[in-house]
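Written below as structure tokens is the structure these notes are about.
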Amino acid sequence: MIQTVELSKTFWDRKRGEINAVLPTTLTIEPGEIFGLLGPNGAGKTTFLRMLATVLTPSEGTALLNGFDICRQSEAVKRSIGFISGNTKLYGRLTPRELLQYFGELHEMAPATIATRCEAIFELLDMHQFVHQRIEKLSTGQTQKTSIARCILHDPPIFILDEPTLGLDILTSRTIIQFIRNAAQAGKTIILSTHYMEEAEFLCHRIALMHLGKILAINTLTGFQQQCDKNHLADIFLDFIEQEKGEMNAA
């Protein structure tokens with residue numbers, strides 16, 4: 001469902017020179033899989049996801065999402081994905097219901113389909129109490145639920161989720177986590193970036209550890225535990241970083 005081939009991104013900074021935000025990356029994510037992308041700030045996670053979502057153009061390589069090439073078939077890719085990023089802004093003067101109506105029309109959905117999908121999503125995300133309030137008046141959790149509603153309205157086969165639970169209270173986080181699980185069970189392909197080790201541990205089928213633009217390793221939690229003889233992802237991740245530093249110093 002998602003396949004990257006030597007996908008990379010380089011930026012140029014006048015002071016720092018060439019910055020390799022994402023080093024050449026090749027991987028495959030299967031239908032129904034929750035694939036975790038784990039790493040600290042500056043690891044390259046958001047840049048990687050923005051390339052998949054066609055927000056950024058790769059410097060080299062490409063990716064196929066739902067069979068469509070991100071470089072040559074960007075419009076088809078956009079129709080195949082739901083993308084949430086921390087920088088995704090909503091129209092503050094609209095209500096959640098008005099926002100979904102607007103995006104439904106952008107996706108050329110029939111009015112009856114928009115109405116049916118809206119009611120199902122409002123029920124799924126427990127949004128009924130604030131769907132008529134202006135978005136600029138909503139809490140952080142309510143705004144994030146609205147972002148997810150926009151993301152899933154057109155029922156795409158792929159979700160690209162960049163820190164979907166960042167800064168949320170435990171009840172809102174639980175609702176979103178349950179949505180992610182249900183979506184995977186329904187056959188959706190999900191790539192999830194997160195800072196929360198525990199979230200990755202109990203949610204993701206496989207996890208990629210990313211540091212300084214490089215995928216250090218990809219494995220299941222059980223696979224990592226057996227490989228490193230450690231139980232927790234935080235300890236496992238630190239092990240890989242130390243190994244990477246040792247290799248860089250040796251070189």
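Any read-out appearing in this document is the output of simple, stated calculations on the displayed coordinates, not a laboratory observation. Quick caveat: nothing in here was measured; it's all calculated off a predicted structure. Note: ideal-geometry Cβ built from the backbone for every residue, glycine included; neighbour counts use all protein chains shown.
One table, with the values for the structure above:
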item	result
Between region 77-131 and region 1-43, the alpha-carbon center distance in angstrom	28
Inter-probe distance in nm under a simple model that places probes 7 Å from Cα toward Cβ, at residue 227 and residue 182	3.3
Candidates per trypsin sites (Lys or Arg not before Pro) in region 51-95, loop by DSSP, up to 12 other Cβ within 10 Å	72, 89, 93
Full-extension gain in nm, residue 155 to residue 30, via 0.36 nm per residue minus C-alpha separation	43.2 nm
Inter-probe distance in nm under a simple model that places probes 7 Å from Cα toward Cβ, at residue 112 and residue 60	5.3
Förster radius 22 Å - calculated FRET efficiency between residue 136 and residue 105 (Cβ-Cβ, nearest 0.05)	0.55
Region 145-251 - Rg over Rh from alpha carbon coordinates, Kirkwood radius	1.03
Length added when fully stretched, residue 243-residue 16, from 0.36 nm per residue minus Cα-Cα	79.2 nm
Separation in nanometres of the label points that stand 7 Å from Cα toward Cβ, at residue 195 and residue 98	3.3
170, 19, 158 arranged by Cβ crowding within 10 Å, fewest neighbours leading	170, 19, 158
Region 31-229, relative contact order in percent, only Cα pairs under 8 angstrom and at least six apart counted	36
Computed FRET value (nearest 0.05) for residue 74 with residue 5, which takes r as the C-beta separation and R₀ as 25 Å	0.95
Förster-model FRET efficiency, 30 Å R0, residue 128 and residue 219, C-beta, rounded to 0.05	0.15
Count of Lys pairs (Cα-Cα under 23 Å; at least 8 positions apart or interchain) in the chain	22
Fraction of antiparallel bridges per DSSP, region 31-229 only, in percent to nearest 5	30
